[in-house]
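Working notes, structure below.
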Amino acid sequence: MLDAWDRTETLTKIDFLDAGEALARELDHLEDVSQNPSHRHVWLWESPQCLVSPKSLSTKATFADSVEEMKAKGWPINLRSTGGDVTPQGAGILNITHVYATKPGQAVDLKREYDKLCTPIEKTLGDGASRGWQPGAFCDGEYNVQLNGLKFAGTAMRIRRGKADKTQSSVLAHAIMLIEPVSLNAIEAINQFLTLLGEDRQINIAAHASLPGEISKLAFAQKLETAFREIPVQ
């Protein structure tokens with residue numbers, strides 16, 4: 001079994017770039033698919049240490065001051081358009097972004113689109129993978145991907161009407177995955193940021209899982225990319 005994982009290690013590419021640049025590139029991919037619905041993007045990436053916040057939190061009265069304080073502590077804040085909640089970026093975290101157009105004339109079904117996001121991750125993880133709420137996890141949601149009952153991946157999505165064909169929707173689907181155990185520093189940073197914003201929820205490090213140690217990041221990434229490309233989107 002381990003040999004099958006190891007054979008894939010050098011066959012994939014993971015980009016490393018600033019989170020702000022990555023979030024902007026996601027929107028570029030979304031615009032491309034909106035204009036060209038036959039296009040599809042499956043993209044793996046990592047970024048330096050930071051926090052990513054949904055734009056909804058930027059309306060908080062203390063947001064600007066909170067951003068400055070967290071930046072001074074080594075945790076710059078980036079805003080994303082896909083909703084969800086505050087998430088960390090940095091060492092041991094892998095992201096996958098999948099951007100595609102839906103079938104012409106087909107009404108948007110969130111469950112169906114989240115299946116396209118969660119199923120390849122679950123397939124790649126294998127035994128022990130599931131999905132659902134995980135109390136205490138960062139960015140908790142119905143479509144968490146769990147491993148042995150703990151959160152392994154957080155998911156988020158943005159959907160908009162296509163420009164080239166208004167009967168199609170363009171989907172930007174994103175997952176953040178914990179390749180290594182999430183650090184206490186990252187959890188403390190999220191909790192500090194939430195407190196500064198006046199949010200009453202706190203994150204529990206014990207709610208999270210990570211990739212089993214015998215599986216390398218690159219081997220996992222290759223299998224994951226293949227699983228995504230095998231998912232029919234139309």
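Looking only at the range 223-234, residues that are over 21 Å from H39 (Cα atoms) and among the polar types (S, T, N, Q) come to 0 in all.
K71 satisfies every condition listed in (1) among the charged types (D, E, K, R); (2) over 27 Å from D15 (Cβ atoms); (3) assigned to a helix (DSSP H, G or I); (4) more than 20 Å from the chain's Cα centre (by Cα) except (2).
Among the residues of the range 87-95, not a single one is surrounded by 13 or more Cβ atoms within 10 Å (Cβ to Cβ), touching a Lys or Arg at 6+ places or on another chain (Cβ under 8 Å), within 16 Å of T195 (Cα to Cα) and not small (G, A, S). As a summary of the residue check, D200 satisfies the conditions (1) at pLDDT 95 or above; (2) within 30 Å of G74 (Cβ to Cβ); (3) in a loop (DSSP other than H, G, I, E, B) except for the one numbered (1). Got a sec? Which of N144, N148 is over 16 Å from the mean Cα position of the chain (by Cα) and closer than 19 Å to I205 by Cα? Checking each option against the conditions leaves just N148. Here is the figure for the range 46-68: residues that are under 20 Å from D15 (Cα atoms) and surrounded by 15 or more Cβ atoms within 10 Å (Cβ to Cβ) total 6.
Matching residues to (1) in contact with a strand residue (DSSP E or B) (Cβ under 7 Å, 6 or more places away or on another chain); (2) without any contact (Cβ under 8 Å) to a residue 24 or more places away in the chain; (3) among the aromatic types (F, W, Y):
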{"residue": "H98", "(1), (2), (3)": "yes, no, no"}
{"residue": "P104", "(1), (2), (3)": "no, no, no"}
{"residue": "A107", "(1), (2), (3)": "no, yes, no"}
{"residue": "L110", "(1), (2), (3)": "no, no, no"}
{"residue": "E113", "(1), (2), (3)": "yes, no, no"}
{"residue": "L125", "(1), (2), (3)": "yes, no, no"}
{"residue": "S130", "(1), (2), (3)": "yes, yes, no"}
{"residue": "P135", "(1), (2), (3)": "no, no, no"}
{"residue": "N144", "(1), (2), (3)": "yes, yes, no"}
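Taken over the range 31-45, the residue count meeting the criterion of being without any contact (Cβ under 8 Å) to a residue 60 or more places away in the chain, crowded, with 18+ Cβ neighbours inside 10 Å and not aromatic (F, W, Y) is 0. Within the range 152-174, can one find any residue that is surrounded by fewer than 19 Cβ atoms within 10 Å (Cβ to Cβ), touching a residue at least 24 places away in the same chain (Cβ under 8 Å), under 17 Å from the mean Cα position of the chain (by Cα) and farther than 22 Å from P48 by Cα? Yes, because at least one residue in the range 152-174 is surrounded by fewer than 19 Cβ atoms within 10 Å (Cβ to Cβ), touching a residue at least 24 places away in the same chain (Cβ under 8 Å), under 17 Å from the mean Cα position of the chain (by Cα) and farther than 22 Å from P48 by Cα.
Among the residues of the range 197-214, how many are over 14 Å from A186 (Cα atoms) and either surrounded by 17 or more Cβ atoms within 10 Å (Cβ to Cβ) or among the hydroxyl-bearing types (S, T, Y) (or both)? Of the residues in the range 197-214, 4 are over 14 Å from A186 (Cα atoms) and either surrounded by 17 or more Cβ atoms within 10 Å (Cβ to Cβ) or among the hydroxyl-bearing types (S, T, Y) (or both).
The values are calculated or read from the model by the stated rules, or taken from the named source; none is laboratory data. Predicted model only: the values in this text are computed from it and were never measured. Cβ: placed from backbone, ideal geometry, glycine included. Neighbour counts: every protein chain shown.
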